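Here's the structure, in structure tokens; my notes come after.
The values are calculated or read from the model by the stated rules, or taken from the named source; none is laboratory data. Since we're looking at a predicted model, the values are computed, not measured. Here the Cβ positions follow ideal geometry from the backbone for every residue, glycine too, while neighbour counts run over all protein chains shown.
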There are 4 protein chains.
Amino acid sequence: MIRIVVAGFKGKMGSTATKMVIENENFELVGVLDPFAKEENLKELPEYHGVDVPVFKDKNAVLSVSPEVWIDFTIPKVTYENTKFAIEHHISPVVGTTGLTEEQLKELIDRSKELQVGGLIAPNFAIGAVLMMQFAKKAAEYFPDVEIIELHHDNKLDAPSGTGLKTAEMMAEVRKPKKQGHPEEEELIAGARGADFEGMKIHSVRLPGLIAHQQVQFGGVGEGLTIRHDSYDRSSFMSGVALGCEKVVAIKELVYGLENLL
Amino acid sequence: MIRIVVAGFKGKMGSTATKMVIENENFELVGVLDPFAKEENLKELPEYHGVDVPVFKDKNAVLSVSPEVWIDFTIPKVTYENTKFAIEHHISPVVGTTGLTEEQLKELIDRSKELQVGGLIAPNFAIGAVLMMQFAKKAAEYFPDVEIIELHHDNKLDAPSGTGLKTAEMMAEVRKPKKQGHPEEEELIAGARGADFEGMKIHSVRLPGLIAHQQVQFGGVGEGLTIRHDSYDRSSFMSGVALGCEKVVAIKELVYGLENLL
Amino acid sequence: MIRIVVAGFKGKMGSTATKMVIENENFELVGVLDPFAKEENLKELPEYHGVDVPVFKDKNAVLSVSPEVWIDFTIPKVTYENTKFAIEHHISPVVGTTGLTEEQLKELIDRSKELQVGGLIAPNFAIGAVLMMQFAKKAAEYFPDVEIIELHHDNKLDAPSGTGLKTAEMMAEVRKPKKQGHPEEEELIAGARGADFEGMKIHSVRLPGLIAHQQVQFGGVGEGLTIRHDSYDRSSFMSGVALGCEKVVAIKELVYGLENLL
Amino acid sequence: MIRIVVAGFKGKMGSTATKMVIENENFELVGVLDPFAKEENLKELPEYHGVDVPVFKDKNAVLSVSPEVWIDFTIPKVTYENTKFAIEHHISPVVGTTGLTEEQLKELIDRSKELQVGGLIAPNFAIGAVLMMQFAKKAAEYFPDVEIIELHHDNKLDAPSGTGLKTAEMMAEVRKPKKQGHPEEEELIAGARGADFEGMKIHSVRLPGLIAHQQVQFGGVGEGLTIRHDSYDRSSFMSGVALGCEKVVAIKELVYGLENLL
């Protein structure tokens, strides 16, 4: 059993992670952390069905329960402090908060190597999404012709999606440079051919009912290869968090990106 | 058995139509027409495997074999003359050539009504494509939220495709006006959200290997409805030509669009 | 504003319907009914955010608020009594409960015609699903080659799904009889070619993560036509219930199946 | 420029390979081989547009043009003799014929290692199909819940397809054993749940218009991952043959399966 503490347990992601740790038979939840919590114990919250776990307000107090893994879903500023604290105390961090600076990241990784503490910081914990990106990158070596179609609910503000851009960036690293489509193609209506990212095209579909979906479509002479990920709800992230917890205790440094543990 | 003549039998579409008529057990090929043909009979051409059918150079000569249906895959100027000639002689035209003017079309339809001659002029003979457009129009009455993804080989010059635009036009006739996506959505890269057609979005994908495909995707609260047509090769048009030949002999006027016979 | 009452408001479907009526600006919720409710008014239940609507325990009491439409998500036995009661009192029923016998159905329809009361009993209220079945039936007239792939979460016990079977039945009414596949095809592993329904094949996929999806796939010479419905959550039924409420007040008899109002 | 000879150049695959070699600027076609050919030179065949390449009837004669790579699309018996001959003469074989026995394969591989001659024997040369199988195997490590849907034209005799079975075998090597679906699921019509391969389900769809397609669909909590390959025509194999020709000259043994060169 891996002894785990969850920081930021009152947020949406944090509470989902807390439940996952409780339900996973390989894990033992030894504490949760939130400086503004009013409870002393999780059993005061009906949604946890009487589970007896101490609520800490101060990170130093967490040391009393000797956790091996520190799950962190807080805010960037806090995350940085928490992750540093965890590493210094030989607790392996599993961090889902985004927004750390390059410098902070570098510092944390360097320190983890010095102290030989494993850890994971990941912008995306959905294993399926991470595999989709890995497969897309691999396929782009052989199929330079590729377009991305990402589909989301119509409340989304930005297009293309972060995952769409990340995927394009990863493919650009290995793909033979090429502009998709006929050199003389013409848009009868502006935007028909989508967003251009180093010659690849990204199309963003927004419709009610949809959640978060992405299709990476490759074309070659006489054939096509398509990789698609469908995310139906937030729970999809939890299998990646669980995998992270299992893997970090066996490595000796902090890595960035779940793909490094697959 | 319906007696059929094919005009323009030396072109790609015409020769495919000629073979379809020969193979269909409800049809009898009584002649083919091409003013520049050098053959006197189809059996001179090895690809027709000895089928004995006269080749006419002059449309007046066609009357000698009393056709009931006149399939026409020629060029716009010739098509107009041919279709008029067919109607005047009570032969039902089935025409796949595009490019007739509105005036020519009106004149031909009016004359067909006077003479009570059935006929069909269709820009698209693929039954599946025509059904896709009909279904999309019907669904647009109930789901104003819709985006079109059309996918073609990367030699295609125009985007969106003609079928994509036609589908959007048909949906616009019945759809409750609406701009897809969040009112404050933002394109991080221009074109991500596709071409705008009266608030609907059209996305054009171009990849080698693809032929001609279109997906009309509707979204509603908690659900999605998708209608997709895949065209793999030119032969897909022939089931529509065959259907046209069967239907025109039973109607009393020229109609425009295969959808009017479905 | 249409005056609506909801029977069975404490069940999953009923409470979703109640919220839909409250939020729809064309509707006025005038009462809810449940013989076992302890509340006197919806405002006692926090999930309704203080909406002031009387809770009735006896159906006769409902008449005091003069509803025009009676939404019913109860159990078969109660549904029958309720629907009869509604018709007798010139209230249009919109019923989502399944399980009425053929006889009960016939009796209710006959009575509705006598009294000229509009109404709707529907086994499926998802407009997208109903359109999918209608389109599939239409396409089956032209494409006898068709297979169904239905995909559901892996807690589902029966295969094929009810919707899959219903779709196959509807297509069988108009489809030219035909056994899919090569006459001499051979299953290397039993079941590979799916379930046989009058020559059509139905394939049932069961995976975690999935909700309720169905794809009806047609094939013709050189082309394919696919109609797909995705149901992401129970809320998908509510647009059909809303449409039913709007339509029943304008018709003069009880109809079975949402398709009759599309 | 790699010097290449093609054996079996009169067959469908062989002639497609011959044209690919002619058109690829990194390759030089130095000869073709067929014991029953009547021509002395490819330029006698109009489809090769006057390309001047000798036609050999005897494999010993091929040595006169010093090829580096020997492409072989013949019949199993001939393939074995040809491949052995090529290896003995330090020509790298690229073989697409299937049907060699395990023993023959082992012998050829052993001899290639002794002589340090690179080579490739591949049952499937479509790079997209090979990547699909690799990706499916990788994903099966993390997602034990998986079903395969393979779709082919309706002239196909066997179900599941060879590629479908191969994919299932590859996944079974790494997948956590599991029977898909609910333990108490029930087939209302036999075959609905597909063919069972070590607990995974395979569904075979057969429709006119289709060519060769396969979808490997994974499910996890709240998410799905799908990998799909579409083969539109025979030319899809040629990019794999070309890749094979480029890679075999750089390795020192015969490998089985294109995946070993990706």
Checklist outcome for this item: Just one listed residue, out of D:Pro144, D:Pro93, D:Pro160, is outside the structural domain of D:Pro208 (by TED's automatic domain parsing) and at pLDDT 95 or above, and it is D:Pro93
Item to check | A:Val241 vs. criteria over 20 Å from D:His229 (Cβ atoms), in the same structural domain as A:Met13 (by TED's automatic domain parsing) and of a type in the set (A, V, I, L, M, F, W, C) | outcome: yes
Checklist entry - Restricting the stretch C:211-239 to residues that are hydrophobic (A, V, I, L, M, F, W, C) and either assigned to a strand (DSSP E or B) or surrounded by fewer than 21 Cβ atoms within 10 Å (Cβ to Cβ) (or both), which is nearest to the chain's Cα centre (by Cα)? => result C:Ala212
Item to check | Hey, D:Glu187 within 20 Å of D:Ala139 (Cβ to Cβ), surrounded by fewer than 17 Cβ atoms within 10 Å (Cβ to Cβ) and either at pLDDT below 95 or assigned by TED's automatic domain parsing to the domain that holds D:Ala136 (or both) or not | outcome: no
Next on the checklist: Within the stretch C:77-86, does at least one residue satisfy the condition of being surrounded by fewer than 20 Cβ atoms within 10 Å (Cβ to Cβ), at pLDDT 95 or above, closer than 18 Å to C:Val117 by Cα and among the aromatic types (Phe, Trp, Tyr)?
Outcome noted: yes
Next on the checklist: I'd like the residue in the stretch A:56-99 that is of a type in the set (Gly, Ala, Ser) and under 23 Å from the mean Cα position of the chain (by Cα) and, out of all such residues, is farthest from A:Val249 (Cα to Cα).
Outcome noted: A:Gly99
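Listed here are the residues, each with its yes/no results for (1) at positive phi; (2) of a type in the set (Phe, Trp, Tyr); (3) surrounded by 14 or more Cβ atoms within 10 Å (Cβ to Cβ); (4) touching a helix residue (DSSP H, G or I) at 6+ places or on another chain (Cβ under 6 Å).
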| position | (1), (2), (3), (4) |
| --- | --- |
| D:Gly8 | yes, no, yes, yes |
| D:Gly14 | no, no, yes, no |
| D:Lys19 | no, no, yes, no |
| D:Ile22 | no, no, yes, no |
| D:Leu42 | no, no, yes, yes |
| D:His49 | yes, no, no, no |
| D:Val55 | no, no, yes, no |
| D:Asp58 | no, no, no, no |
| D:Leu63 | no, no, yes, no |
Checklist outcome for this item: By residue number, the members of the stretch C:116-157 that are in contact with an Asp or Glu (Cβ under 9 Å, 6 or more places away or on another chain), within 30 Å of C:Ala250 (Cα to Cα) and among the small types (Gly, Ala, Ser) are C:Gly118, C:Gly119, C:Ala122, C:Ala126, C:Gly128, C:Ala129
Checklist entry - Taking the stretch B:166-187, which residues are assigned to a loop (DSSP other than H, G, I, E, B) and among the basic types (Lys, Arg)? => result B:Arg175, B:Lys176, B:Lys178, B:Lys179
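C:Glu28 - would you say it is out of contact with any Pro (no Cβ under 6 Å at 6 or more places or on another chain), within 16 Å of C:Val241 (Cβ to Cβ) and either modelled with pLDDT of 95 or more or outside any helix (DSSP H, G or I) (or both)?
The answer is yes for C:Glu28.
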Next on the checklist: Tell me the residue from D:Thr98, D:Thr74, D:Thr79, D:Thr83 that is in the same structural domain as D:Ala242 (by TED's automatic domain parsing), polar (S, T, N, Q) and without any contact (Cβ under 8 Å) to a residue 24 or more places away in the chain, please.
Outcome noted: D:Thr79
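Which one is farthest from the chain's Cα centre (by Cα), of the residues in the stretch A:171-181 that are aliphatic (A, V, I, L, M) and either surrounded by fewer than 17 Cβ atoms within 10 Å (Cβ to Cβ) or over 11 Å from A:Phe197 (Cβ atoms) (or both)?
A:Val174
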Checklist entry - How about the stretch C:47-164: which helices (runs of 4 or more DSSP H) wholly inside it have at least 1 residues that are away from chain B (no Cβ under 14 Å) and touching a His at 6+ places or on another chain (Cβ under 9 Å)? => result C:59-62, C:102-115
Checklist entry - Quick one: is C:Leu131 more than 20 Å from C:Asp72 (Cα to Cα) and either more than 19 Å from the chain's Cα centre (by Cα) or crowded, with 24+ Cβ neighbours inside 10 Å (or both)? => result yes
Checklist entry - Within the stretch B:193-201, can one find any residue that is of a type in the set (Lys, Arg), within 12 Å of chain A (Cβ to nearest Cβ), in a loop (DSSP other than H, G, I, E, B) and over 30 Å from B:Ser92 (Cβ atoms)? => result yes
